[in-house]
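A.B. asks: Take this structure, written in structure tokens, and hold onto it; I'll ask about it next.
The values are calculated or read from the model by the stated rules, or taken from the named source; none is laboratory data. It should be emphasised that the depicted structure is a prediction, and the values quoted were computed from it without experimental measurement. In this analysis, Cβ positions are derived from the backbone assuming ideal geometry, glycine residues included, and neighbour counts consider all displayed protein chains. Only protein heavy atoms, including side chains, enter the accessible area calculation; ligands, DNA and RNA are left aside. Shrake-Rupley method; radii C 1.70, N 1.55, O 1.52, S 1.80 Å.
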Amino acid sequence: EDEVKLRAARVPSSLKRAYREINNERCLKALAEWVAGYFANVEGRAAREADLIRVLGKSHAWKTALGASPERFLLEPKTLANGVDMQRETPLSADDVAFLTQGPDEPLELTTSLIDRKQPRWLMGWRDITNATNERTVVGGMLPMVGVGNNLPIWYPSPLLNAQKVSLLVSALTSLPFDFSARHKVGGTHLNFFIAQQLPVLPPLDFTIADLGFTTPRVLELTYTTHAMRPWAEDLGFSGGPFAWDETRRATLRADLDAFFARKYGLSRDELRYVLDPADIRGADYPSETFRGLKAKEIKLYGEYRTQRLVLAAFDKLTGG
């Protein structure tokens, strides 16, 4: 549990290494670089010795820990470069700086408090093992804050995004239009980071308040099916109990989101029909398939390609068709 907490904490890797070594001086140096990055990126000015003393305390062997006086240490280009990288990857907020200012003076104790403070309340990831014959190429979603193996890569969203914006991201990642694109990128059985980074994710600015009003309740109902996901539901503004797992209801909700993202990606109805099943547009002898695994399973279970019917009906409803 301690190792999971340490790895999940949104604190710089250099601070984690120093903490593992139980090294007070290295913890202090990493904290100083992080604070320097905060003042450069957030306040738009260089940190000064008085800033370090105010935020991290004055009763430290600064020269021993930093290898130079605080003023000289802060003037070194390497300090600023490291601090800016830290702030980009694991940003400090104004509230975090206030916490540091009021926290324990001893660096190891302060780091322990930070690790507890900078814990995610939930995680977002996707299944690394995949195949074009699967129902979906991208199998991802929300999960509780737990330890995971290397075949479940974790994607940390920017702390500038609230849970509603993150819910947009996870619903986009699991939509059929997005999956259609992923099928052209995955050449083997692994959906690696370098492939994931090439996929066409729409930016948050492409979505309106009305869009959030449409997607958030659907994502909430699809993801909040266990008490373990209560923190995620709370961050979405919901205080009730988990939703029952109802396959028919879930199929309808997913179809709504698939249709929504088809519109966001600018697909026409015929283009969406092609994404769902090229044979529907080009004829039964057309030598190309998209979601063969999904189509075959649904015909076997329901006697029809249910997803196709539900998604097109949802698309017509959204477009007034």
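A.B. asks: Mind telling me which of the residues Arg88, Arg136 ends up being among the basic types (Lys, Arg) and surrounded by 17 or more Cβ atoms within 10 Å (Cβ to Cβ)?
C.D. replies: Working: Arg88 fails: surrounded by 17 or more Cβ atoms within 10 Å (Cβ to Cβ).
From the options Arg88, Arg136, the qualifying one is Arg136.
A.B. asks: Same structure, new question: Could you list, in sequence order, the residues of the stretch 252-271 that are over 9 Å from Val311 (Cα atoms) and over 22 Å from the mean Cα position of the chain (by Cα)?
C.D. replies: Once the filter is applied, which keeps residues that are over 9 Å from Val311 (Cα atoms) and over 22 Å from the mean Cα position of the chain (by Cα), the stretch 252-271 yields Arg263, Gly266, Leu267, Ser268, Arg269, Asp270, Glu271.
A.B. asks: Could you grab me the full set of residues in the stretch 159-200 that are farther than 23 Å from Ala8 by Cβ, part of a loop (DSSP other than H, G, I, E, B) and either open to solvent by 30 Å² or more (accessible area, probe 1.4 Å) or acidic (Asp, Glu) (or both)?
C.D. replies: His184, Lys185, Gly187, Gly188, Thr189, Gln198, Pro200
A.B. asks: Tally the residues that are closer than 17 Å to Pro157 by Cα, under 16 Å from the mean Cα position of the chain (by Cα) and among the aliphatic types (A, V, I, L, M), restricting the search to the stretch 202-220.
C.D. replies: The number of residues fulfilling the criteria is 2.
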